[in-house]
Each structure stands twice: as structure tokens, then as C-alpha cells.
1. Please list, ordered by chain and number, the residues whose modelled amide H lies under 5 Å from the amide H of residue 49; skip anything fewer than 5 residues away on the same chain.
2. Would you mind getting me the FRET efficiency between residue 77 and residue 37? Use the beta-carbon distance for r and R0 = 41 Å, nearest 0.05.
3. Net charge near residue 85: determine it from the other residues with C-beta under 15 Å of the C-beta of residue 85, scoring Lys and Arg +1 and Asp and Glu -1.
4. How long is the gain from residue 44 to residue 95 if the chain were fully straight, where each residue apart is worth 0.36 nm and the alpha carbon distance is subtracted?
5. How many nm separate the modelled label positions at residue 112 and residue 54, each set 7 Å beyond the Cα in the direction of the Cβ?
6. Taking 0.36 nm per residue of sequence separation and subtracting the Cα-Cα distance, how much length would be gained by fully extending the chain between residue 102 and residue 65, in nm to one decimal?
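Please treat every number below as a calculation from the coordinates, not as lab data. All figures in this text were calculated on a predicted structure; none of them were measured in a lab. Cβ: placed from backbone, ideal geometry, glycine included. Neighbour counts: every protein chain shown.
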Amino acid sequence: MLQRPRITTRSLTYCGIIFSAGLFSAGLTPAFAADPTGDWKVEDGVAHIRVAECGGSMWGAVAWEKTPGGIDKNNPDATKKARPTLGIVTLLDMKKNAANDKWAGQVYKAKDGKFYKLRIKLVD
């Protein structure tokens, strides 16, 4: 779950992240936003993800780490195992479906080095 690191007025919810073991749902809470752009605090507080629009899609990257110096040690690509987690792209190519006000794309989870399908939606 991600949260904006300030007072909130709306919430954004993962409609679903599909894991191999089943379905996992997480919530996000933005502040004064009509879309998911901005900085989001990961639920356990270990990182902030900066979400921005780029070329018609939403992308998110690690903008802050509680414990600096993390590395992507669980990445299945051996050439990426030593890269820093700060700056790593975690939300990939989130495209908006205007009909239902949802975004769909992928999320990279550095804790296990896997990509998952992701859908997010703003809710009141």
C-alpha cells in the first residue's frame, strides 16, 4: 500500500495485484489529487514512490528510501542485482481507461524481483 506523505482528501485503491499465490489488494491515499501523480509513501514507510505522467502513461520510481543504500538483490537479471533501488522504476506503463477511471499496467516488486499486473482506481 502506498500513501501520500501528507493530509489526504481522496483515496486511490489497487483494484488488484495478481500474485502467483492469489489476489492481493492494497490501498493508496492521495492528497488533493484528481489523478495518481505525485509522491506516495509505501505502507510500511520504507520508501516514497514518485508517480508522473509520461507519454500518456503513468510511471513511478523510488524517490526516497528510509534506509539509503538498498540494492535490487532479488532481480532475476544478474546484471541488475547490484543496482541501487533508489530511482528504480516500480510502476510501469499505467494506461488510463477513461470509461471506468482506472489505470492498468505493471508493478515491479524489488522485495522478490517479480513483476505483477496492477490496476488502480481513485475512490472518494
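1. It is 40, 41, 42, 63, by chain and number.
2. Between residue 77 and residue 37 the formula returns 0.90.
3. It works out to a net charge of +4.
4. Taking 0.36 nm per residue and subtracting the Cα distance, the gain is 15.7 nm.
5. So the label points at residue 112 and residue 54 sit 2.6 nm apart.
6. My answer for the length gained is 10.6 nm.
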